[in-house]
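The values are calculated or read from the model by the stated rules, or taken from the named source; none is laboratory data. These numbers come from a predicted model, not from an experiment. Cβ atoms come from the backbone with ideal geometry, glycine included; neighbour counts cover every protein chain shown.
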Amino acid sequence: MLPLFPSKAFLAPMAGISDPALRLLCRELGAGLVVTELTSIHAIVAKEEQLKKLQKSITDFIAFSEQERPVSIQLFGSDLSLLAKAAKIVEPYFDLIDYNMGCPAPHITCQMAGAALLQNPELTEKIFSTLVKAVKKPVTLKMRAGVDKPTCFQQTAQIAEQCGIQMITLHARTLKQGYSGHADWSLIKELKSLVKIPVVGNGDIQTPEDAKRMMDETGCDYVMIGRAACQNPFLFQQINEYLAKGTYQPITLEQKLSAFFRYLEYAQQYPLKFANIRLQAMNFTKGSPGSKELRLRIGQTRTIEELKNVLDVLNREIVA
């Protein structure tokens, strides 16, 4: 059974971006669900064996905090025996287990994983059945509309529902599109008419108005936000306000900077790469005054202290 989500706006899993610090910040700012970066089933099984010898758990490999709940882990990989093992390893720690059939990255699709699986319904059915039988936690699916054309998601969704998948997120683009072009929201509406389980719409939500329009036009139960939330994690708070009251408070650059310093505090609790933290700083400050010069200065930083100094200067300029 799915958990009770505190809001209808979810944070998308994004490789190198949806780290535990960002997930926690987004939960505090109103995200109803956060999802880990996609994680290889091969890596989980291998790491579990190594960590057991050191008397450690898989949470030393996949970091998260209790404050993120409800939190989902996203898995990828198509080896059925390893899939069952990996799912059982992570099940005690996460509220949901999400399966990735949406990633368009070549290094994922070349493994017959991610969005490439959309063209293999027989293997897909085995994957869904294996996952659902392996664990008691709810299993969900995130997928794209198809490979070259939006012709695969219908069959995949029906197979998923028949196998016991409890919720489907559709990124309304094809594998070939990557992140270019426009998401076709009519496909989300079509999916909603095909299945009885909850549907999450994903793609091209930039504002609270977009979120409401997607829900109104498609009938989807929830929305999932990725890139826009990286630039404005307050978007979840704004969407919640807009859905409840029809209005929302604008967010200032000063508020965004304050939130980024909070993100930095959380980030230092985890073994995150500085390059990823620096990328988050660029996302947070996108669109700020002198953005081009600021991003250049951020790009030249090599430590968290240097990054803090650059942002402190910006903060003082704003207050002044």
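So P70 passes all but one of these: (1) of a type outside the set (V, I, T); (2) modelled with pLDDT of 95 or more; (3) within 25 Å of K126 (Cα to Cα). Which condition number does it fail?
Going through (1) of a type outside the set (V, I, T); (2) modelled with pLDDT of 95 or more; (3) within 25 Å of K126 (Cα to Cα) one by one, P70 breaks only (3).
If P233 satisfies every condition in (1) touching a Gly at 6+ places or on another chain (Cβ under 7 Å); (2) in the same structural domain as E37 (by TED's automatic domain parsing) but one, which is the exception?
Result: P233 passes all but (1).
Which of the residues that make up the stretch 189-206 are of a type in the set (S, T, N, Q) and farther than 15 Å from Q155 by Cα?
Of everything in the stretch 189-206, those that are of a type in the set (S, T, N, Q) and farther than 15 Å from Q155 by Cα turn out to be N202, Q206.
Among residues belonging to the stretch 29-56 that are without any contact (Cβ under 8 Å) to a residue 12 or more places away in the chain and of a type outside the set (A, V, I, L, M, F, W, C), point out the one that is nearest to A259 (Cα to Cα).
K56
Listed here are the residues, each with its yes/no results for (1) of a type in the set (K, R); (2) farther than 26 Å from G102 by Cβ; (3) within 25 Å of the chain's Cα centre (by Cα).
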position: R227; (1), (2), (3): yes, no, yes
position: L257; (1), (2), (3): no, yes, yes
position: Q268; (1), (2), (3): no, yes, yes
position: L272; (1), (2), (3): no, no, yes
position: G290; (1), (2), (3): no, yes, no
position: E305; (1), (2), (3): no, yes, no
position: V313; (1), (2), (3): no, yes, no
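Given (1) touching a residue at least 40 places away in the same chain (Cβ under 8 Å); (2) touching a helix residue (DSSP H, G or I) at 6+ places or on another chain (Cβ under 7 Å); (3) crowded, with 17+ Cβ neighbours inside 10 Å, where does Q166 come up short, assuming only one miss?
All conditions pass for Q166, except number (2).
Having 2 or more residues that are of a type in the set (D, E, K, R) is the bar; report the helices (runs of 4 or more DSSP H) wholly within the stretch 266-320 that clear it.
Ranges flagged: 291-299, 304-319.
Looking at the stretch 52-71, is at least one residue at positive phi and more than 17 Å from the chain's Cα centre (by Cα)?
yes
Could you check, for the stretch 190-208, whether at least one of its residues is within 21 Å of V90 (Cα to Cα), over 19 Å from the mean Cα position of the chain (by Cα) and of a type in the set (A, V, I, L, M, F, W, C)?
For the stretch 190-208, residues within 21 Å of V90 (Cα to Cα), over 19 Å from the mean Cα position of the chain (by Cα) and of a type in the set (A, V, I, L, M, F, W, C): absent.
Mind listing just one residue for me: the one in the stretch 110-120 that is assigned to a loop (DSSP other than H, G, I, E, B) and polar (S, T, N, Q) and, of those, farthest from the chain's Cα centre (by Cα)?
The residue in question is N120.
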